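Visitor: I'd like to ask you about the structure that follows.
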Amino acid sequence: MVLALLLGAGAVHAVCGALAPLVARAPRAARLVGAGVALASAVGAGAAAWALAAGVDPAPLALTWPLPIGEVAVGVDALSASFLLAVHVVTALAAMSGAAAPLVAAAAALVFLARDGVLLLVGWEVVSLAGGFRGDRRLAGLAIAQLGTVPLLLGFALLAGRSGDYAFTSFAAALPERGLAGTGFVLAVVGFGAGAVFWLVHAWRARGRAAAAIAAVATPAAIYGGLRVVGFLGGPPSWPVAALAGGLLAAAALLVAALVSRAPAVRLAWRDRRAPPLPYRAPATVAVVAAAAALAWILGGTPPPAAGAAIASWSGLLLLALALADLYLLAASGPAACAGALVIQGVALAALPLALALGPPGARTVATAAGALALNAAILPWLALRALGAGGAPLPAEPVGRKAIRVLVGSLLVALWFYLARGLVAAGLSAVALGLLVLASRRGAAVRVVGTAMLVNGAFPFAVALGRGELALLLDVLAVLSLWGIALRRAETSTS
Amino acid sequence: MTLALLIAVPALLAIAALPLPPRAARSVLVGGATLHLGGVVALWIGLPGRGVAGAPLRLDAPGHLFLTIVSGLFLLTAVREWQGAPRWLALLSALSLACAGQDLALVWIAVAAATLAAAAAPPAGAPCRVLAAVGITAALLGTLFLGVAASARSAEVSLSLPALLDAAPGMPGAWVRTGFALALLGQGIQIGSAPAPLSAILANGALVGVLRSFQVCLAAGQAGFARGLLVAFGFAWLGIAIARMERERLLACAGMANLGAISVGVGLGGSATFAALLHAVNHAVAWTALFLADDRRPATGRLRTVAVLAAAGAAPFAPFMSQLMIFQSAVRAGHVALGLLLALLLALAFLTLARAALPTLPGSGATTTATATADRPPAPPTTGWVAPLLACAAALALGVYLPPALSRLLASAAGLLGGRR
């Protein structure tokens, strides 16, 4: 019953998406119907979550598929239901304001309910393609969507090669109980992690509300995929606790930002059907994810973490975010994009000492994290934004080929460092190398601020590895002091 | 009997259409194509007349599969064709012969005739015809080399497929290898020489010729060489399609990219063969959708986007599933690097196709095509939105459902080509 309800909601979304072009001439009616369907789905997902909380255990459903690959296997658990509910609520809100994306919602529902690798891949491919289509740079969006699926395809194929089929239960059984979990597993986690980072940045930069709504659906879908794959390792992961904390932080940031400054701007944007202003989007997306995770925690009643594997996977994801943001900075051209990537780096760095702490973090660890959050995630990006011109003038246009070569060289450097070294040291070295690459290859004094910030961020993992995080904070302060002049001078010259 | 009619009726209609005015000739073309498809469907339902073992005309599993693809593609593309009805009907007759022929000489003649009919179509110039001639020559040399290889044991030279398969175990390897390489090269050049809508139909017929030579190679114990060559050719085709993808060559390049995927799949063997044959079916459906929706009218704009996605291999359309199956078979067989290369090239092909086809994407030259339409020849008749919509729906349906009869035919064809389900 629960499963049928959720599947029905997804199917109705898909039908609405398919019929949408036909009713394009009656926008008001289409909007009403879209909002109604989205609201009904949200209510349905809520009912399903409630039933799960009440102890109903829906049996998974498996149909034989005539294709000799994969099977139609769906199921629902606390994790699926929570993400479904969060995404349906977001879709309903978006649909009420006229930015419905029913096909994406349906595909995301497929991602959340799938219990088979092929089904999950199909859903994820549709989500990412739709997002790529909606973005303001469609070709780049499509390219990232397509190439980003390749590690997932390879990872799942490797897992299936070992387990015999694509069923999640077989995947879980095929992975060894402890030790390294296989290349396929790592590739799948990396693929979804990269997707999550990409969509988070996309949410930050999206122009237009439809694109923002899709990013708000795609980010949870990517994070869910990563969590589901990590779940193959067995044992309850520690993510709900951290996600809850992160979500509360993000929601608080959202609230403060809305209260302090530009509430009228938000209202204006909402009325004119533009994307909400910059500071609101990414925190909102994070809040959606965190709410879903927290709900899953409450519904599933997972016990506290069993340290080891979970912690290792957390810090690995953080280092991955650091490296991906570095690569993104090699090609990014807008001031907001650069600053956004630096913020993501800073947040990842701040979370690093907490993720590495065994047991409850001590006062020193918390202080280091707080300092990093203030310096690396707030002040340095702000300085970069100032230096680049907060007005939004993009960096001098460059031929696409040069960008591509730079990103390729950067990827090779990252791969080289991770081949030569491990963990924190490799992440630090690659971040330093990419910072130097930015300094050497990009023109303009303003870019130096970004490059220096990348160098400083690269030093942080080293210090954490040595247990001396406060040294990194000292370096941050020195960097801020030295960059202050450049940033302010730039701002003055641009205003005069 | 049915088989002979499938070959003879289009040929007779082609002759009959020669003196007719264009409008009447077009009716003959559509009528002939409908009749042909009706005959093929009758064969599926169980009408006798597929030929007996040993006869020069016999419809085995690969022949039946590709005859169906050719017939369906032909009807749906012929609906939009105004000019050259006799040429089109001749092509249909020749390709039916290529699919049904059990004699390599017959298959060569049929494919050569089809190539000449296609390369004489209006947009193709003198270079295309030269290319076609080179391809035909290379294919003939390949066929003859296989004959020479067969003559090593017995004095009597026969190019019939059963005889070649019987004689294969004792054939000298060098002749077989050279023969297969030349046949593959020749058929590839022939496909490349034809202009867009015809090339997709021709490709399926020429593929039958390649697969026949491949069968001989397998029986002669040259499986490793032939498979490697097919995989290399497949990647080459994919690469060429990616490099040459442009708005004006969209249909031809989309076909070429998918031909590359099919070739790689057959070359990999095992379950990839089944997946590759399924991909041939899926791609034919998706390509038809792209062709039918490609009429530059705003009304079919959204439909065209969907068709582009289907033809490029986006989920959840059928080509995505079959490409995934080829990739999965490669990885499972231990060819991880080949699988990765295939996945990357397919992703690139997707991107170049999307860039070339969707006018709203940057760099697709939408403005230049808009100005160039003024001095273009009159557009072909449009087919409305029902036909492309149905084709898109079929591409979607094949992605989630495989009819049991088709599955059996694919499995048996894959079995003949050294693969399995």
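Visitor: In the range B:299-339, how many residues are at the interface with chain A (Cβ under 9 Å from one of its Cβ atoms), in a loop (DSSP other than H, G, I, E, B) and not aliphatic (A, V, I, L, M)?
Guide: Adding up the residues that qualify gives 2.
Visitor: Which members of the range A:45-77 meet the condition of being within 25 Å of A:A213 (Cβ to Cβ) and either exposed (fewer than 15 other Cβ atoms within 10 Å of the Cβ) or within 26 Å of the chain's Cα centre (by Cα) (or both)?
Guide: Answer for the range A:45-77, where residues must be within 25 Å of A:A213 (Cβ to Cβ) and either exposed (fewer than 15 other Cβ atoms within 10 Å of the Cβ) or within 26 Å of the chain's Cα centre (by Cα) (or both): A:A45, A:G46, A:A48, A:A49, A:V74, A:V76.
Visitor: Looking at B:L202, B:L198, B:L146, which one is modelled with pLDDT under 85 and buried (at least 24 other Cβ atoms within 10 Å of the Cβ)?
Guide: Of the residues listed, the single one that is modelled with pLDDT under 85 and buried (at least 24 other Cβ atoms within 10 Å of the Cβ) is B:L198.
Visitor: So, in the range B:340-352, how many residues would count as being crowded, with 24+ Cβ neighbours inside 10 Å and more than 7 Å from every other protein chain (Cβ to nearest Cβ)?
Guide: 3
Visitor: Determine whether B:L292 is part of a helix (DSSP H, G or I), facing chain A (nearest Cβ under 10 Å), over 19 Å from B:L346 (Cα atoms) and touching a residue at least 60 places away in the same chain (Cβ under 8 Å).
Guide: No; evaluated as a whole, the condition is false for this residue.
Visitor: Just to check your reading of the model, which residue among A:L67, A:L121, A:L63, A:L110 is within 30 Å of A:R162 (Cβ to Cβ), free of Cβ contacts under 8 Å to residues at least 12 places away in the same chain and touching a strand residue (DSSP E or B) at 6+ places or on another chain (Cβ under 9 Å)?
Guide: None of the other options fit; the residue is A:L63.
Visitor: Let me ask you something else. Please tell me if A:L119 is at pLDDT 85 or above, facing chain B (nearest Cβ under 10 Å) and buried (at least 24 other Cβ atoms within 10 Å of the Cβ).
Guide: Criteria not met by A:L119.
Visitor: Could you list, in sequence order, all residues of the range B:159-200 that are assigned to a loop (DSSP other than H, G, I, E, B) and in contact (Cβ under 8 Å) with a residue 24 or more places away in the chain?
Guide: B:L159, B:M171, B:A194, B:P195
Visitor: Here's another thing I want to ask about it. In this structure, does B:A152 turn out to be without any contact (Cβ under 8 Å) to a residue 40 or more places away in the chain, surrounded by fewer than 24 Cβ atoms within 10 Å (Cβ to Cβ) and in contact with a Pro (Cβ under 8 Å, 6 or more places away or on another chain)?
Guide: yes
Visitor: Follow-up. Can you tell me which residue is nearest to B:Q215 (Cα to Cα) among those in the range B:381-395 that are within 14 Å of chain A (Cβ to nearest Cβ) and either touching a helix residue (DSSP H, G or I) at 6+ places or on another chain (Cβ under 7 Å) or modelled with pLDDT of 90 or more (or both)?
Guide: For the range B:381-395, the residue satisfying everything is B:A395.
Visitor: Which condition does B:L268 not pass, out of (1) within 14 Å of chain A (Cβ to nearest Cβ); (2) surrounded by fewer than 24 Cβ atoms within 10 Å (Cβ to Cβ), if it passes all the others?
Guide: Condition not satisfied by B:L268: (2).
The values are calculated or read from the model by the stated rules, or taken from the named source; none is laboratory data. Note that the coordinates shown come from a computational prediction; the quantities given were computed from them, not determined experimentally. Note: ideal-geometry Cβ built from the backbone for every residue, glycine included; neighbour counts use all protein chains shown.
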